[in-house]
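Asker: What follows is a single structure, and I will ask about it in a moment.
Since every read-out is calculated from the coordinates, none of them should be taken as a lab result. Just so we're clear, the structure is a prediction, and the values are computed from it rather than from any experiment. Cβ placement follows ideal geometry from the backbone for every residue including glycine, while neighbour counts extend to all protein chains displayed.
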Amino acid sequence: MTQPILELRNVRASYGSIEVLHGVNLSVGRGEVVALLGPNGAGKSTMIKVVSGLLRPTSGQLMIGGRDVTGAAANALARAGLCTIPEGRGIFPNLTVRENLLMATYSGHKLSDIEESTYSRFPRLSERRTQLAGTMSGGEQQMLSLARALATDPVILLLDELSMGLAPLIVAELYQQVAAIAAEGVSVVVVEQFARTVLGVADQAVLLAHGKVQVAGKASEIGEDVLAGAYLGS
């Protein structure tokens, strides 16, 4: 079997004396889209913090490409190819679209190359290149967040509540891009409270509740009864 690009092995994590994750396991293959689902308070955000290096697990292992990176700092994980788009957009609102893309050139790529790739993937951003990012629609801001993330050539992309506050048609368009990104070989972990928005493009789904994995398997096999049980506790 191909080695997973990202693994959590029996990870526990706490805030002070309060344990939030209770032995979580996760495996993500290269080019896979994994949906991380669950109600509020399930532990999804804590799990993303652990994966991105913002919270050190109290026990267990975080593996990237078969290498143990447990406890590594966020900047070290970023250099290893992990990129996070946080909840609430990952942009500089007071900069223009082009200036936001310019900030991504620290990755070593030329602005012209980043712009060419961005405007090819998101033609709407080409029309907004001189517009302040904070004045664009929520969907356009998320497009810019994705474009900035892709400019770093990530191996693993973490998306936290990509659909928050967006119209269904815009969400569908964004998830089409997520599927295209994964098809290019980037592994994607998507945190979503609203399951139906992501299951259509996900390969695997993990349902988290009370800090534990309740269900894990192929996204296509996650039925309404399973979702109801995870979200409503039935």
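Asker: Take Tyr119, Tyr106 and order them by how many other Cβ atoms sit within 10 Å, fewest up front.
Answerer: Ranked by crowding around the Cβ, least crowded first: Tyr106, Tyr119.
Asker: Which residues' amide hydrogens lie under 5 Å from the amide hydrogen of Val20, considering only partners 5 or more residues apart or on another chain, with H built in the peptide plane?
Answerer: Ala13, Ser14, Tyr15
Asker: Further question on the same structure: Sort Glu7, Glu87 by Cβ crowding within 10 Å, fewest neighbours at the top.
Answerer: Values: Glu7 18, Glu87 14.
The fewest-first ordering by Cβ neighbours comes to Glu87, Glu7.
Asker: Within segment 28-66, whose backbone N sits under 12 Å from a point 7 Å along Cα→Cβ of Gln214?
Answerer: Only 37-43 pass the distance filter.
Asker: Among Glu116, Glu140, Glu99, which comes first, second and so on when ranked by fewest other beta-carbon atoms within 10 Å? All intermediate terms of the calculation are to be shown ahead of the outcome.
Answerer: Values: Glu116 12, Glu140 20, Glu99 15.
So the ranking, lowest neighbour count to highest, is Glu116, Glu99, Glu140.
Asker: Classify segment 105-234 as rounded, prolate or oblate from the Cα gyration tensor: take a ≥ b ≥ c as the square roots of its eigenvalues, call it rounded if a/c is under 1.5, otherwise prolate when a/b beats b/c and oblate if not. Please list the in-between numbers first.
Answerer: Working: a/c = 2.58, a/b = 1.91, b/c = 1.35.
Taking the square roots of the gyration eigenvalues as a ≥ b ≥ c, segment 105-234 is prolate.
Asker: Starting from the Cα gyration tensor of the chain, take the square roots of the eigenvalues, sort them a ≥ b ≥ c, and report rounded, prolate or oblate (rounded when a/c is under 1.5, otherwise prolate if a/b is larger than b/c, else oblate). Kindly include the intermediate steps, with their values, before the conclusion.
Answerer: On the way: a/c = 1.81, a/b = 1.43, b/c = 1.27.
Verdict is prolate for the chain.
Asker: Quick check: Cα centre of segment 18-49 to Cα centre of segment 142-159, how many Å?
Answerer: Rounded to whole Å, the Cα centres lie 19 Å apart.
Asker: While we're on this one: Taking the Cβ of Gly81 as the center, what net charge do the other residues with Cβ under 12 Å away carry, scoring Lys and Arg +1 and Asp and Glu -1? Let's see the in-between values first.
Answerer: Working: positive: Arg30, Arg67, Arg79; negative: Asp153.
The answer is +2.
Asker: List every residue whose amide H lies under 5 Å from the amide H of Leu132, counting only residues 5 or more places away in sequence or on a different chain, with H placed 1.01 Å from N in the peptide plane.
Answerer: none
Asker: From the backbone phi of segment 90-107, what are the Karplus-calculated ³J(HN,Hα) couplings (6.51 cos²θ - 1.76 cosθ + 1.60, θ = phi - 60°) in whole Hz, Gly and Pro given as x?
Answerer: x, 10, 9, x, 8, 10, 6, 4, 5, 5, 4, 5, 4, 5, 8, 6, 4, 6
Asker: Quick one: angle between helix 168-183 and the longest Cα principal axis of the chain, in degrees between 0 and 90, rounded to 10, please.
Answerer: Around 80 degrees separate the two axes.
Asker: Also, quick follow-up: So what's the back-of-envelope 222 nm ellipticity for the chain, counting only DSSP H runs of four-plus at -39500 (n - 2.57) apiece and dividing by all residues, rounded to 500?
Answerer: On the way: 9 runs with 79 residues, N = 234.
Theoretical 222 nm ellipticity from helices: -9500 deg cm²/dmol.
Asker: Related question: Report the convex hull volume per residue for segment 93-153, counting only C-alpha atoms, in Å³.
Answerer: Numbers: hull volume 3.9 nm³, N = 61.
Cα convex hull per residue, to the nearest whole number: 65 Å³.
Asker: Still on this model: Near the amide H of Gly29, under 5 Å away, which other amide H atoms are found, from residues 5 or more places off or on another chain, if H is placed in the peptide plane?
Answerer: Amide H neighbours of Gly29: Ile5.
Asker: Return the single residue from Leu144, Leu208, Leu54 with maximal mean-square fluctuation; model: Gaussian network over the chain, springs between Cα atoms under 10 Å.
Answerer: Leu54
Asker: Could I ask something else about it? Name the shape class, rounded, prolate or oblate, that the alpha-carbon gyration tensor gives for segment 143-207, where a ≥ b ≥ c are the square roots of its eigenvalues, rounded holds for a/c under 1.5, and otherwise prolate holds if a/b is larger than b/c and oblate otherwise.
Answerer: Judged from the Cα gyration tensor, segment 143-207 comes out oblate (a/c at least 1.5, b/c at or above a/b).
Asker: Extending each Cα 7 Å along its Cβ direction at Ser17 and Arg67, get the distance between those two points in nm, one decimal.
Answerer: 3.9
Asker: Label Ala180 and Glu99 with points 7 Å out from Cα along Cα→Cβ: what is the distance between them in nm?
Answerer: 2.8
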